[in-house]
Amino acid sequence: MKHSFFLTLTATVFILAGCSSHHETPASQAVTMEDIALPAAASGAADASAKEDEKAPAALDDRDNSVPVPISQKIIKNGTLRFSTSDFDACRNRIADTVKKYGGYIADENQTNTSIQYRNELNIKVPAAAFDQCMEALTGGALRVEEKSVTSTDVTAEYVDLDARMKARLAVEQRYLQILQQAKKVEEILAVEAQLKSIREEIESAKGRLQYMDHHVAYSGIHLTYYQTFANTDPQTPGFFQRSWLSFKDGWNSLLSFSLELLSAWPFLLGIVFIFIFIKRGIRKWKLKRAIAQTPTNVNL
């Protein structure tokens, strides 16, 4: 029983490797799963094979006459808007009403206020069908539109491939569940459960990615920035005399910092002084010897 179980488990693992390497469709993988016999059904394998051979021509005819199922496009659209306004609060209320009108919502918002300018940044989600209309409506009351852009990303191929892989993993999971029902010993159960854990992790990862793409396809994103400017310069900026006094203080502080740096380097400066005195004395002695050597000797008559 143990030998037959591990032969079946090994065959299943090879089938999984073939599925991931050749990217087979779920239908072809389902046929491959049917070719694997359970240990309990080994006695009827020959009869089942004969029946499958009789049904094979009909299945091929059905496949030839089948019509490909149309695949809906999966497109993720995102937009960017930036404009100025003359009434910050009224603009905020108008944006909220517009988003609500088109069935969207504000995902997050970041507002900053200074004495010069009020600025607000929003990330908006709206249904994909209302994306273009909402973009136009949001710029309706703008004082000046500075940026307006739209990007589209086609994720159809990735979505179809990921969906096919997930369905294949689901079929393999069902096969492992059948094998698990035939397991009798603890080590056999643990071996199958380890494979099931790996497959289920792949399934959950694929489901999460598919849900992510579904949401972004259904709801387009708009990054909106609007602002109101009150003055070109800050009225609280210091005047000329105050700025002159601050510059004088900065210069005095810089001088003090330089003096402190010199004091901290006193061993180095002291060494330089000693070296300078030593060199100066050496030069003086050398000049004195040279002068004595060049002076003529006086002879007493």
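The values are calculated or read from the model by the stated rules, or taken from the named source; none is laboratory data. Keep in mind that this is a model prediction, so the values were computed, not measured. Neighbour counts run over all protein chains shown; Cβ positions are idealised from the backbone, glycine included. Accessible surface is based on the protein model in full, side chains and every heavy atom, while ligands, DNA and RNA are left aside. Shrake-Rupley method; radii C 1.70, N 1.55, O 1.52, S 1.80 Å.
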task: From (1) open to solvent by 50 Å² or more (accessible area, probe 1.4 Å); (2) of a type in the set (S, T, N, Q); (3) modelled with pLDDT of 90 or more, pick out the condition that doesn't hold for residue 120.
output: (1)
message: Of all residues being in a helix (DSSP H, G or I) and modelled with pLDDT of 85 or more in the stretch 217-250, which is farthest from residue 150 (Cα to Cα)? Just the residue, please.
response: 218
- prompt: Which condition number does residue 175 fail, the rest of (1) charged (D, E, K, R); (2) assigned to a helix (DSSP H, G or I); (3) closer than 30 Å to residue 81 by Cβ being met?
  reply: (3)
- request: Select from the stretch 151-172 the residues that are assigned to a helix (DSSP H, G or I) and charged (D, E, K, R) and write down the one among them that is surrounded by the fewest Cβ atoms within 10 Å (Cβ to Cβ).
  value: 161
message: Please count how many residues of the stretch 177-195 are touching a residue at least 60 places away in the same chain (Cβ under 8 Å) and either touching a Gly at 6+ places or on another chain (Cβ under 9 Å) or open to solvent by 20 Å² or more (accessible area, probe 1.4 Å) (or both).
response: 6
- line: Restricting attention to the stretch 131-149, the residues that are open to solvent by 80 Å² or more (accessible area, probe 1.4 Å) and either basic (Lys, Arg) or modelled with pLDDT of 90 or more (or both) number exactly 5
query: Are any of the residues in the stretch 196-208 touching a residue at least 40 places away in the same chain (Cβ under 8 Å), open to solvent by 70 Å² or more (accessible area, probe 1.4 Å) and either part of a helix (DSSP H, G or I) or more than 30 Å from residue 126 (Cα to Cα) (or both)?
result: yes
field: Residues within the stretch 209-221 that are polar (S, T, N, Q) and in contact (Cβ under 8 Å) with a residue 24 or more places away in the chain, tallied
entry: 1
